[in-house]
Each structure stands twice: as structure tokens, then as C-alpha cells.
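Since the structure comes first, as C-alpha cells, the remarks are kept for the end.
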Protein chains: 2
Amino acid sequence: MPKVTFYPDNQSIEVAAGENLLRAAMLAGVHVNASCGGAQTCGKCRVVVDEGKVSTLPSAKITPQEAADGYVLACSATVDEDVVVRVPVESRLGDKRVLARKRREKRHGRLLTAEELENIISNWPLEPAARRVKVELEPPSLSDPTADLERLKRGLAATGFKPVAVGPRALSTLPRALREHDWSVSAILVEEGGGHRLVSVAPAGARSLGVAVDIGTTTIAAELVDIENGGVIARAGDYNAQVSCGEDVISRIVYSGKGDNLKRLQRLAVETVNGLIEELMVEAGTRADEIVDVATAGNTAMTHLFLGVDPRNIRQEPYVPAFRQAPPVKAGDLGLAVPPGVAVRTAPCPASYVGGDIVVGALAAGLCKTDKLTLYVDVGTNGEMVLGNAEWLLSCSCSAGPAFEGGAIKHGMRAASGAIEQLRINQDTFEPMILTIGGRRAKGICGSGLIDAVAEMFLTGVIDGRGKLNRDLTTERIREDDGQAAYVLVRAEDSATGYDIVLTEADLDNLIRTKAAVHAGILTLLESMKLTPDDVEEIIIAGGFGHYLELDKAVAIGLLPEIPFERVKFLGNGSLLGARLMLLSKRATSDAADLASRMTYLELSTDASFMDRYVAALFLPHTDMEAFPSVASLLGRTANGQAGE
Amino acid sequence: MPKVTFYPDNQSIEVAAGENLLRAAMLAGVHVNASCGGAQTCGKCRVVVDEGKVSTLPSAKITPQEAADGYVLACSATVDEDVVVRVPVESRLGDKRVLARKRREKRHGRLLTAEELENIISNWPLEPAARRVKVELEPPSLSDPTADLERLKRGLAATGFKPVAVGPRALSTLPRALREHDWSVSAILVEEGGGHRLVSVAPAGARSLGVAVDIGTTTIAAELVDIENGGVIARAGDYNAQVSCGEDVISRIVYSGKGDNLKRLQRLAVETVNGLIEELMVEAGTRADEIVDVATAGNTAMTHLFLGVDPRNIRQEPYVPAFRQAPPVKAGDLGLAVPPGVAVRTAPCPASYVGGDIVVGALAAGLCKTDKLTLYVDVGTNGEMVLGNAEWLLSCSCSAGPAFEGGAIKHGMRAASGAIEQLRINQDTFEPMILTIGGRRAKGICGSGLIDAVAEMFLTGVIDGRGKLNRDLTTERIREDDGQAAYVLVRAEDSATGYDIVLTEADLDNLIRTKAAVHAGILTLLESMKLTPDDVEEIIIAGGFGHYLELDKAVAIGLLPEIPFERVKFLGNGSLLGARLMLLSKRATSDAADLASRMTYLELSTDASFMDRYVAALFLPHTDMEAFPSVASLLGRTANGQAGE
């Protein structure tokens, strides 16, 4: 891994080849001014490469003479070899002449590497539910006018597949498909009811593609997977169009009870997924008729709504879902834009408030196989968590709200191109250093950016423990925005939107309530088993935050309890990964069913200790500072004005 | 059976108790003037009951004094005991004073009696595909919040049904159904893929009703059946709404190839069936949620269109249908107005032009079990026939056209209330005697009425062998209608429509072409096996003609070859009866599949001898009069002006 050394701070860090130089600085704890998020438009992140070479593009912000002298925009440079980089004073402090103070934390969580992911996936045999069987059929003639279906069945029987059931949707496309592909076809089969069912008929040379979908309350994410080799071909994400009908699960359930709203919600979810499928098709340069399988994971209410099943009993005591394991549904029944006979399989939902997203996420996290006491935490619109190991599993759920998915935050957005996903604030100038997903001008801020922002604002004294802005600071970054105190993350001239991107006190209040709920959930779950955070041997964090979740920041704001960082892994979107496993391995699907049936559910809404813990957590990092010694020490040091380390 | 003796003709006939007196006269070969079809409005069918009593209602056409003298309207009287009836001269001849000539044929085909039908049905064990399983479930509680589906499965497993698959449509109605019926329910299950599938959840005390449907090209007929005891609860019929898109199979297939027409045709068929289901529900005073099974039979193209499967290859060499046995389809997929999880099963279609209607009709006719050489003839929009026995089966099809279903006939109509279904023409006055279905004022004429009409017109000399009207006859019944020569069946003042109901020369031309095609088909089929009509031991005629098919009339016009009448049975709508068998017996369904797979198909469209026979048959009864000795002798006698017998 190439090593990057920054001067004058004399900080070194090893990064993956191809890493962005601005991100390398951020990870090394070195401040470089950066306002445009990596879009190469603000020109503030000028650095000088003193030794080695970086890859970069010419920029109007760098004169030819400067370029010859080694100047580059850090945000537009990538690192492929060892380099020594100097951060000139104007890029560190801007116009302000203050004493540079340093604070460095290099502990961050990044998404699993390809290798780590491969290790997870290889836990299950590559044995997809949908399989492709090539058959060469004799074309019909006057002397053999056997019907199309019976002709295909005869061909399949000859290769050992018998009996084969056929649904009406596959049947309706059969005559054209057989003739288009000149009677030499791949029959796509899925096991069903002890036999096989014909999903579709594809050209003999077609691939077998699957679509994995995470149906979140706020966002929906999808992956296109080659199920014969496990490779991910394309990814896409979008807001769940149901958001217009209510932000959280409860308001959607209430909405679904009126008139035709249940149908409307079902259609909105399907429309969102169809939009993603279209994106995947465009990105992969393929057509939907190569799709042979769809696996989805979502919370219990989302799964009901996606299938058009009335979720009303989920919110009424005794909180009974319509199903734990819904039957596979044909794509045509749902209106999904894939061949109509494709089976759409949904992950099992063990309880009304612990759904298939958690089950398959916990599956991917290895909870059904590990001996270690493991805590799986998924921070979505609901905060849901599972504690246990191969022996036992206990789950709970708390209404965290959609803040970390960008919901109910003025300029919040999902983890998509242009979202601020990492952020530092200069201790002296209170100027931010931001990185966006895709290195685009910032459009808003996503989950990991929000965690960074709250933590940085708190640690630099921009906000206090209650999330109130310090109006006494000498910075133009703090100002009134529509009558509300706010911190300006990106100024209008640097943003993609043409207006200031800010974080308001109301946003901060939402974020603190969200993190408090998750934290209280974790502690209540542990306490119910007479355990403490120290007993947990492994913590797996899941959620669509962005590519980086800085664990020390998550602890600094009190989202997670203080634990040795080496025990923590950031899985990213566990629900999506789990859905992919369902595509790739029948064993994974049956393990998920097993995991769902073994999960015990702890109801928090009637748990008094949860409410107490929630109230206690409505402070940064927590009212009980003793539980957060590292944060306390960090605060003590910065409060004393001492240089870090 | 009560005996009715008519004077002055001195003709006696035994009829079923409750038979209409006018029909009894018709069956006895006694002419009574009757213009209104039995609606008691023309008052022309006055007769005097001399001995015994008939049941009748008071009529404005009969004075109290006349009533005291024994006068009744024959059309409003029913026979329950032996009676002697006198037909006064004015009811025989009207105003005309001519010598009464008599021509009597008492050989007619009536629909099977209840007993005969019972004999057919009892050939198969009463073992319906859909079964009802009562389960008492423990209501959910906080201590047992098991999901609805898993709770039901647990209950079913306890009664021995395991595994039970559930489709998405049954699932979507499950939560409400369980709660509405207070957790004490009947689960409706069908066998599927080796296990059971949940169709719907009904109240514990619900009946199990099935709908049998005959999907004809011109008309659709349906029956509501209690599948647990086999009883028919209600019947309904209507035109296939697809008629607006083409009268015959070929024109529908052509139409289906453009734009969204395939969907439109599917929807039209479903809308027609839904209308019938609604009628059945009203008539039976029940709700569609008692329906647990639907079985349909139709020709191959209709079955494709009903299922929304592209039928284009049916009309293109080598004439290959998409399927022989279509999979069961869920009612919700089709849009049928029954519980969405109900399986809709279609009868197997062995060839492009021999469909499920023929298969299950031949099944009901016993072809798969008999040793006798049997000919099954279904006269629908296509004329289709099967020859054979338990050992071998040969089928063929000819485009007869919809004439006998009332299509392409100016005042033709299907066999429904108000349709003229029986008809006599007085040899001397050329006045008709008509009976309508339901004894209503005539709206039009159906298949059996048309056969009667052509035969009577031919035998009385109203038309010649080419179907041309004899303009020299002294009767006002023959006149020009819209520039076309026509025979007036019912005058405007006696009709339900307010205008004359006529039969035109164009109608007669259509009817002759239709009967010629059927006749040529029968002979070609026999000839291909080196057989003659004499070799056939049993002929079963099927078709929605009406309640009576007068076999001698069918022979007189040359629809059927001349054969000993005792070998002929009139099955009525064989397709509908067969569909009912599919509802009542899994064995019948598997026998139908077996029958379909054993059937060999003879292609007539490329058969030169068929075309020759067709042309030869374009004459009444046939160009070869030697093949119709009884008709020749009848003509000879009437031509000689001799009184009959």
C-alpha cells in the first residue's frame, strides 16, 4: 500500500492504491481546506508534491508554472506510490492567522474490502436458486405439431428435469421466445414444491442475472449480480417513493389503512425498484430479460407493503404480522420490470419490528455460525439490533427516525453522489474540510457525514453537549438560517445547489434523539442478558451511511458505546448484502429462515428501562461521561488547548 | 308419464309431468296456431280440454264462460295427468279454409334427463380437487405473537396437512379473513405440486361451490355447482363479448395480433364470465367468496385468449398451439370475480382446432370408456367431432361458422329466454307454430329453432333444396325484407322486439353452408377409417342449440347423415357438462388429460375429399338423395299431397 507523508505535520498514512489525496489527508488527520467536496472547483486544497508522483488532471486553478513546481489540487489527485506532500499555509488556514492545533484520529471504519466480502460470501456454497438448463428442441412440423409447452417439457425431461411446472406468465411469453431463439434456448428453472418451475426462456447464451434489493423505509438500494459467478455488475439506490406518504413505518401503516392507499404504497415501492432496475440495466448495458431471480430484504412493514399485504396488525397489540416467511411472488404479480415468471423472494420477518433486513444482515454478519458474542446493529429509519451467536439470538427495535438516512434533516440526503460523507472542522478556524461521494459539488449530507459533522462540531466546541451552537465563536460559519441558528457546511458558491448547505439546531436535535434511541436500545438489549458493552466480542455496524463510518466519531457522539475499536466492523448495507446471499446460495436462504425462526424479540416500547436510558442518552456523548473515557479525555485535551497525542 | 290425446287428429303422446300443452301438441305432430311463442299474448292456441284436467292460469283471451267450457290457451297449460284435448278448427287453420294435411314425426332429441345425467356423472368418483379443512386457531397474544400465516400452517399441520403453500393473493386476504371469522375457519386447499396450496380462508360453515364454464367462440355458459354433493345450483349464459372483435376463431386470432388486442380479448372474455358469475350469485343468493374452484372448457384459440396467451401460431402452418395442458391459473391473475387464490383450470387442448370443449365433452359422452364405435359431434361456431372408443380416438374440425349459435343470422340468437327453439309450419296454411325458451314473446331464433325452421320450410315447400324461397306460394309469410326475400317467423305485433322476426335467404344460405361443413366433416372422418355412417354404434350430439334438438329435422336438412335414431343422443352443452365433471372429480380431470393425449387429429383444411364432400352437401338434404331415403320418402309423400302415415 502506498504511503503518504504530509508536511509540515509530519504525519504518514498508508492508503489503498488509487486513493484520493484529499481523503488520505483526512485519514491522516491533516487539515486541508476543501469546500467543494472534491469537485475541483474551489481551488482551496492546493498542495505541493515534494517526493514521488501523484496522478492528476490539469486544472484551471493551477498555473502551468505551479504545476511544474509540484502543485496539485489534493481533491483531484490519486496516490499510486509513496509520496511526500507539503500543505502550504494558505491551504491549512486560509486567510486566518492562528496557531495551528492538531487533533488526529486515524481510527475509522471503512466498508469491507473485496477480500473481506469474499470471505463472507464464501461461507455459503455458490448454489443459486435459479438455474439455467440448455435445451435444443426439434422445431415443430406438420408431422410433429406438439404444442410449444409440451415440446419444451419433453426436451427438459430428456435432460433429467421432470416434472416441470409452468406458470401462466412464463407460458404467455413461451411461443415467442422459442421462435425468437430458434428452438435453441436456456430454460430458467427454480425449485418449487419438490419439482421445478419454468421461470422464463432465454437465448442459449444468456447470462443468469439476479437483482438483490434492500427495501428500506427511506431508501431502496439494489445490486445486479451474476448469480453464476457471484460478481456484482452494477449498483443503484434511490429514495423509497413511499416517503411522500409518511416518513416512518407507523405513519405508512396508518396511511395504508385508508381507501386504496395500500395499493398505492405497493405501487410506489415497485416503481422505485423498477427505476433502480432500469438504472442497473443501463449501467450494465444489458436487458431485463437476462434477469432470472430477485431477492429482497426489508423490515416487516416494508415487506408487507411491497407485497401488498395489509400491515395494520403490525401496530396493534399483540403486534402480529401477516406472515413470517412470505411465499415467493411472481414478478408479474408485483409489476416488477423483469420477466414476469421470475420469483421474487423476500427475506423472513421474525417479528413485527424486526424484519428481513435484519435477518439477512445478521446472516451476512455470521451470527448464525459464530461462537463469539456478537452485536449486530443496523441504523436505518428504525434502529434494529441483534445480540447473540450460533446458540441464541435476541433482537430489539427502536424508532430511531430517518436522520442518519438524511430524513428530517434540512439538507440531509441518502448516501449518493454529491453527498458529504466525510468532514473535518479545523480546531482553530472552524472551517470545514469536506469530501463528497463521487467528488462532486455537495448537494447535501448523508449519514456518515452527519456523524462526522456532529462529532467534529462537538469536539471543536462549535456545539455543546445539548447540540446548541456556540454563538460566541468568531466564525462566519455560524449564522441564522431562516430564523434558526445553523452551521454552514458548504457555502452557496461551492455547493451544487446554489445555496448554502447548513446543519441547523433542529437537525442537531433530531440527530441527538436518533443516536440516543440506538444507544439506549443497545444497552437495554445487553442489560436484559445481564451483559455490558465490554462483554461483546464483536460489533457489526450496518446501514447505508456512505463508504466510511468513522467509529471514533460514532462513539464521540454516543451512538455506539465505548468499546475497543478492533472489535468493530462496518458492514455497510447488510440488508443488501444479505439479499445478495439469497441470490447466490439456497443454503443462505434456508439459513436465513432458520435464523428468523430462532430469533427472540425483546419489546422495547413497553420497557421502562429503555425509556430511562433514552433520556440519559439525549446528550453528547452521554449524561454519564464515565462511560465514555476516551471522549472525555479528548475533550479535556482540546479544552485545555493542548496539541493532540 | 301422463298421456295427452289430441282430437280431431286422434294423436296420443306421453310427456313428462308438468310438460307444456303446446309443446305436447308439437311433439305429437299436431298443429296448433301459436305466434307468440308461449307468452299468452296472441290467444291463437285455444284448445278445449274434454277429459282430465290441466293446470293453467286465467287469461284475458279466455272468457269465464269459455273457461267453464274447458277452453285454455295451450301455451299456458301444463299437463300433470292423462288428458284428452280438442283443437278447434280456428286454432288449426286460422282464417284459412283449406284441407288439413298432416305430417307427423315424433322422433326428437331432448336433453338428458336428470337420471341420465346422474348416470354420466356417477362414472367418476365424487372427489373434488378443492377441499375444505376446518381449523380452530388459538387467537394471537403478546405471549404468542406468531404471524397469521405460520399460525394457520401450524393449525393445518395438526390436522395432517403439511406442507401447505400459500400464494400471494391468498396471503393478502388472510389477516382479515382470520379475524372476521374469529380464528375458526375453513381452509380451502387444492393439491398442487405434491403438496397442498391454500386457496382461501372461508367461514367454518361455508359451502364449497365451483363454477363450470364453457367458453364458446359465440356464447359462454356457466353453472354454479356444489362440489361437495354435485348439485347444480344455478345456470347462466351470455354472448362472448369478444364477438365484437370477430365472429370466428380465425378473425379473433388475426385481431389479437395487433397492438394491445390480445389483452383486450382476454379482458372481454373475463368480463363476460364475470357477468355470468354475478348472475349465478344473484340466482343462488350467495356470495363469490363461497367459490373454491373454477373449471373451464373451450376450443384451443378461446383457451389461449382466455389465458392471454398469444394464439398466432394456431393459424400458421404447422398449426402449433402454445400448450396442450395449460397450468392452473389463479383467478386473481385473470381478473375473475372470485377469491383471487382460486385455481382456474382449463380443459386440455389436443390440437390447434380440437380443443378442451371437445375433450371434456367426449369425456362426458363416455368415449374414453366405451367399446362401441362412437361419434361425438359438437356443433358450435366450429364443427368438431371425435370418432372412436376406449381403444382409439380420431378428431377433426371444420369451420362451420356461428349460424347454429345465432351468429350471422339476421334474427339469430343464442339459446336464451325468448329464443324460438321449436317450430312447425302448417303444410296447408304455411303458418308457423312456435315455442320459445321460457314461453316468452319471441326475441329471435336459436340453433334448434333454426334447424326446425329450415327443415319445416324445406319439407313444406316454402324453400327449395338450394334454400330459395318459393315466391309462388299463397302466403303473406313470404315477403321482401329490406330488399331480401324472407319468411316471417313472428309478426311484429306478436314479437318481443316490436318488429317482424324473419329468416332471410342470406340466413338460409349461411345455414346450408354450416350444415354442409359439419356433414362433410363427419363423412370425411368416417371415410378416413374406411367406415360408413352405418358402422357408427352411437352418435352423441352436443351444442348449445336449446333444450330440444329434433333429430329427424337435423337429418332432414342433412346436418347429420341418416342413421337409426335410437343410436343418437343429444347431450346438450357437452363442454359445460365436462367442465362440471372437472369440478367434481380429480379422476375426470386426469381422464381428460389422458383422452387429450390419445387423440389423433385429422387436418381437414388440406383434405381434398373434405372439400368435395362439402360442395356436395350444399343442398337440402344433400345432392346425393340416395343417402337420405327417409327424407326422400317424406318429400315424395308430401309432394304427392298424401296424408301422413
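With the checklist (1) outside any strand (DSSP E or B); (2) within 26 Å of B:Gly636 (Cα to Cα) in hand, flag the one item B:Gln422 doesn't pass.
That leaves (1) as the condition not met.
Please go through segment B:299-350 and give me each residue that is small (Gly, Ala, Ser) and at the interface with chain A (Cβ under 7 Å from one of its Cβ atoms), ordered by number.
Of everything in segment B:299-350, those that are small (Gly, Ala, Ser) and at the interface with chain A (Cβ under 7 Å from one of its Cβ atoms) turn out to be B:Gly308, B:Ala322, B:Ala326.
Results for (1) surrounded by 23 or more Cβ atoms within 10 Å (Cβ to Cβ); (2) without any contact (Cβ under 8 Å) to a residue 40 or more places away in the chain; (3) farther than 20 Å from A:Thr41 by Cα; (4) of a type in the set (Lys, Arg), shown as yes or no for each residue.
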{"residue": "A:Gly412", "(1), (2), (3), (4)": "yes, no, yes, no"}
{"residue": "A:Ala419", "(1), (2), (3), (4)": "yes, no, no, no"}
{"residue": "A:Phe430", "(1), (2), (3), (4)": "no, no, yes, no"}
{"residue": "A:Thr436", "(1), (2), (3), (4)": "yes, no, no, no"}
{"residue": "A:Ile445", "(1), (2), (3), (4)": "yes, no, no, no"}
{"residue": "A:Ser448", "(1), (2), (3), (4)": "yes, no, yes, no"}
{"residue": "A:Ala453", "(1), (2), (3), (4)": "yes, no, yes, no"}
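Looking at segment B:425-435 only, could you name the residues that are part of a loop (DSSP other than H, G, I, E, B) and touching a Phe, Trp or Tyr at 6+ places or on another chain (Cβ under 9 Å)?
B:Phe430
Please work out which one of (1) under 30 Å from A:Arg176 (Cβ atoms); (2) out of contact with any helix residue (DSSP H, G or I) (no Cβ under 7 Å at 6 or more places or on another chain); (3) surrounded by 18 or more Cβ atoms within 10 Å (Cβ to Cβ) is the condition B:Leu307 fails and give its number.
(2)
Just checking, how many residues over segment B:176-194 are more than 20 Å from B:Ser585 (Cα to Cα) and within 13 Å of another protein chain (Cβ to nearest Cβ)? Walk me through it before giving the result.
Filtering segment B:176-194 down to residues more than 20 Å from B:Ser585 (Cα to Cα) leaves B:176-186.
Right, trim to within 13 Å of another protein chain (Cβ to nearest Cβ) and you get B:176-180, B:183.
Within segment B:176-194, residues that are more than 20 Å from B:Ser585 (Cα to Cα) and within 13 Å of another protein chain (Cβ to nearest Cβ) number 6.
State all residues of segment B:370-394 that are basic (Lys, Arg) and under 12 Å from B:Ile522 (Cβ atoms); if no residue qualifies, say none. Break it down into steps so the answer makes sense when it comes.
Of all residues in segment B:370-394, those basic (Lys, Arg) come to B:372.
Scanning segment B:370-394 gives no hits.
Where in segment A:293-399 are there strands (runs of 3 or more DSSP E), lying fully within it, with 3 or more residues that are closer than 30 Å to A:Glu537 by Cβ and of a type in the set (Val, Ile, Thr)?
Numbers: elements: A:343-346, A:374-379, A:383-388, A:393-398.
Where strands (runs of 3 or more DSSP E) fall fully within segment A:293-399 and carry at least 3 residues being closer than 30 Å to A:Glu537 by Cβ and of a type in the set (Val, Ile, Thr), they are A:374-379.
One residue is enough: does segment B:92-110 have a residue meeting the conditions modelled with pLDDT under 85, over 25 Å from the mean Cα position of the chain (by Cα), assigned to a helix (DSSP H, G or I) and under 23 Å from B:Thr429 (Cβ atoms)?
Yes.
Return a yes/no flag: does segment B:273-280 have any residue that is of a type outside the set (Phe, Trp, Tyr) and within 8 Å of chain A (Cβ to nearest Cβ).
Looking only at segment B:273-280, we keep the residues that are of a type outside the set (Phe, Trp, Tyr), and these are B:273-280.
Filter once more, keeping what is within 8 Å of chain A (Cβ to nearest Cβ): none.
Checked against the condition, which is being of a type outside the set (Phe, Trp, Tyr) and within 8 Å of chain A (Cβ to nearest Cβ), segment B:273-280 yields no hits at all.
Among the residues of segment A:565-579, is there at least one that is assigned to a helix (DSSP H, G or I) and in contact with a Phe, Trp or Tyr (Cβ under 9 Å, 6 or more places away or on another chain)?
Scanning segment A:565-579, I find at least one residue that is assigned to a helix (DSSP H, G or I) and in contact with a Phe, Trp or Tyr (Cβ under 9 Å, 6 or more places away or on another chain), so the answer is yes.
Given the residues B:Ile188, B:Ile227, B:Ile215, which is the only one that is under 30 Å from B:Ala114 (Cβ atoms) and not assigned by TED's automatic domain parsing to the domain that holds B:Ile250?
Testing whether each residue is under 30 Å from B:Ala114 (Cβ atoms) and not assigned by TED's automatic domain parsing to the domain that holds B:Ile250 leaves just B:Ile188.
Every residue in segment A:52-91 that is surrounded by fewer than 13 Cβ atoms within 10 Å (Cβ to Cβ) and not in a loop (DSSP other than H, G, I, E, B), please.
Matches in segment A:52-91: A:Pro64, A:Gln65, A:Ala68, A:Val89, A:Glu90.
I'd like to know if segment A:132-143 contains one or more residues that are of a type in the set (S, T, N, Q), part of a strand (DSSP E or B) and more than 26 Å from A:Arg345 (Cβ to Cβ).
For segment A:132-143, residues of a type in the set (S, T, N, Q), part of a strand (DSSP E or B) and more than 26 Å from A:Arg345 (Cβ to Cβ): present.
Rundown of residues vs (1) in contact with a Cys (Cβ under 7 Å, 6 or more places away or on another chain); (2) within 14 Å of another protein chain (Cβ to nearest Cβ); (3) closer than 30 Å to A:Leu276 by Cα, yes/no style:
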site: A:Glu118; (1), (2), (3): no, no, yes
site: A:Glu136; (1), (2), (3): no, no, no
site: A:Arg151; (1), (2), (3): no, yes, no
site: A:Pro168; (1), (2), (3): no, yes, yes
site: A:Leu174; (1), (2), (3): no, yes, yes
site: A:His196; (1), (2), (3): no, yes, yes
site: A:Asp214; (1), (2), (3): no, no, yes
site: A:Ala221; (1), (2), (3): no, no, yes
site: A:Ile233; (1), (2), (3): no, no, yes
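Out of the residues in segment A:530-563 meeting the condition of being part of a loop (DSSP other than H, G, I, E, B) and in contact with an Asp or Glu (Cβ under 7 Å, 6 or more places away or on another chain), tell me which one is modelled with the highest pLDDT. Write out each step before concluding.
Going through segment A:530-563, the residues part of a loop (DSSP other than H, G, I, E, B) turn out to be A:530-532, A:536-537, A:543-547, A:550, A:557-563.
Subsequent filtering for residues that are in contact with an Asp or Glu (Cβ under 7 Å, 6 or more places away or on another chain) retains A:543-544, A:546-547, A:550.
On the way: A:Gly543: 86, A:Gly544: 77, A:Gly546: 71, A:His547: 73, A:Glu550: 83.
Selected residue: A:Gly543.
For the subset of segment B:485-520 comprising residues that are of a type outside the set (A, V, I, L, M, F, W, C) and part of a strand (DSSP E or B), which member is farthest from the chain's Cα centre (by Cα)?
B:Tyr487
Considering only residues of segment A:198-207 that are of a type outside the set (Val, Ile, Thr) and buried (at least 22 other Cβ atoms within 10 Å of the Cβ), which is nearest to the other protein chains (Cβ to nearest Cβ)?
A:Leu198
Are any residues in segment A:111-138 of a type in the set (Val, Ile, Thr) and either modelled with pLDDT under 60 or within 15 Å of A:Leu577 (Cα to Cα) (or both), and if so, which ones?
The answer is A:Thr113, A:Ile120, A:Ile121.
With the requirement that a residue be surrounded by fewer than 17 Cβ atoms within 10 Å (Cβ to Cβ), in contact (Cβ under 8 Å) with a residue 24 or more places away in the chain and within 23 Å of A:Glu405 (Cα to Cα), what does segment A:251-266 give you?
The answer is A:Val254, and nothing else.
If only one of A:Glu527, A:Glu480 is of a type in the set (D, E, K, R), part of a strand (DSSP E or B) and on the phi < 0 side of the Ramachandran plot, which one is it?
Details: A:Glu527 fails: part of a strand (DSSP E or B).
Only one candidate passes the filter, namely A:Glu480.
The values are calculated or read from the model by the stated rules, or taken from the named source; none is laboratory data. Computed from a prediction, not measured in an experiment: that's the story for all the values here. Every residue, glycine among them, receives a Cβ derived from its backbone with ideal geometry; neighbour counts consider all protein chains shown.
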